[in-house]
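The values are calculated or read from the model by the stated rules, or taken from the named source; none is laboratory data. Being a predicted model, the structure only gives us computed values, none of them experimental. Every residue, glycine as well, gets a Cβ built from its backbone with ideal geometry; the counts of neighbours run over all protein chains shown. The accessibility values were calculated without ligands, DNA or RNA, using every heavy atom of the protein model including side chains. Shrake-Rupley method; radii C 1.70, N 1.55, O 1.52, S 1.80 Å.
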Amino acid sequence: MKKIDLAFIVDDDEIYVYGLKRLVAIHDLCKNLLVFNNGEEAIKYLKPIMANADQLPDIILLDINMPIMDGWDFLNEFIKIEANLSKKITIYMITSSINNEDIEKAKTYSEVSNYFVKPVTLDTLKQMFTITT
């Protein structure tokens, strides 16, 4: 098992993000963690570094409901650039939405590895942040 080098949190909930960052740090789950308040910020960060695998995240923890560019819009933009990425990025949708329509919609995106309702447990986080080689 290998530790994640870089993860993105794409979420505008400051309290949740703070707690998530603390859990990740306390349990040493990841070397670097970048936070984006909406999907647009994350996409703008990804586009210029697409060819540099060392700068790309291993995983993205993506919320659905955010201002400017929500999780669905992020996924649609991500799909457009995915073929140009120099490594595979695992996306987990982590949201407060328990709406069945959202859960089913997430399943239509092959880019979404799993859907979790906030808050996620420490065990779930540990699984997300572990690369088995």
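List the lysines whose Cα sits under 20 Å from the Cα of residue 126, skipping any in the same chain fewer than 8 residues away.
Within the straight-line cut-off, residue 126 pairs with 2, 3, 21, 31, 88, 118.
Rounded, prolate or oblate: which fits the stretch 79-121, taking a ≥ b ≥ c as square roots of the Cα gyration tensor eigenvalues, rounded meaning a/c under 1.5, else prolate when a/b beats b/c?
Taking the square roots of the gyration eigenvalues as a ≥ b ≥ c, the stretch 79-121 is oblate.
Among bridges DSSP assigns within the chain, what percent are antiparallel (round to 5)?
Just about 10 percent of them are antiparallel.
Report the longest stretch of the chain that contains none of the trypsin sites (Lys or Arg not before Pro) sitting in a DSSP loop with at most 14 other Cβ atoms within 10 Å.
Formally, the longest exposed-site-free interval is 1-86.
Can you give the relative contact order of the chain as a percent, counting alpha carbon pairs under 8 Å and 6+ residues apart?
Relative contact order of the chain: 29 percent.
At 222 nm, what value in deg cm²/dmol follows for the chain if DSSP H runs of at least 4 each add -39500 (n - 2.57) and the sum is divided by all its residues, to the nearest 500?
-10500 deg cm²/dmol, from helical runs alone.
For the chain, set up a Gaussian network in which alpha carbons nearer than 10 Å are linked by springs, and say which option among 59, 94, 15 fluctuates the most.
Per the Cα network of the chain with a 10 Å cutoff, 15 tops the list.
Return the distance in nm (one decimal) between the two label points of a simple spin-label model at residue 21 and residue 79, each offset 7 Å from Cα along Cα→Cβ.
Modelled inter-label distance: 3.2 nm.
Applying the Karplus parametrisation 6.51 cos²θ - 1.76 cosθ + 1.60 with θ = phi - 60° to the phi angles of the stretch 117-122, what ³J(HN,Hα) value in whole Hz is obtained for each residue in order, glycine and proline being reported as x?
Running phi through 6.51 cos²θ - 1.76 cosθ + 1.60 with θ = phi - 60° gives 9, 5, x, 8, 7, 4 Hz.
In sequence order, what are the phi-derived ³J(HN,Hα) couplings for the stretch 83-96 according to the Karplus relation 6.51 cos²θ - 1.76 cosθ + 1.60 with θ = phi - 60°, rounded to whole Hz, with x for glycine and proline?
Using θ = phi - 60°, the values come out as 5, 8, 6, 7, 7, 6, 10, 8, 10, 10, 8, 10, 8, 8 Hz.
Determine the share of the stretch 19-133's accessible area contributed by carbon and sulfur atoms, expressed in whole percent, with a 1.4 angstrom probe.
The C+S portion of the solvent-accessible surface of the stretch 19-133 is 48 percent.
What does the charge dipole of the chain about its Cα centre add up to, to the nearest 20 debye, if the Cβ of each Lys and Arg holds +1 and the Cβ of each Asp and Glu holds -1?
Using only the charged Cβ atoms, the result is roughly 560 debye.
Scan around residue 94 for amide H atoms under 5 Å from its own, H built in the peptide plane at 1.01 Å from N, and keep only partners 5 or more places away or cross-chain.
62, 63, 116
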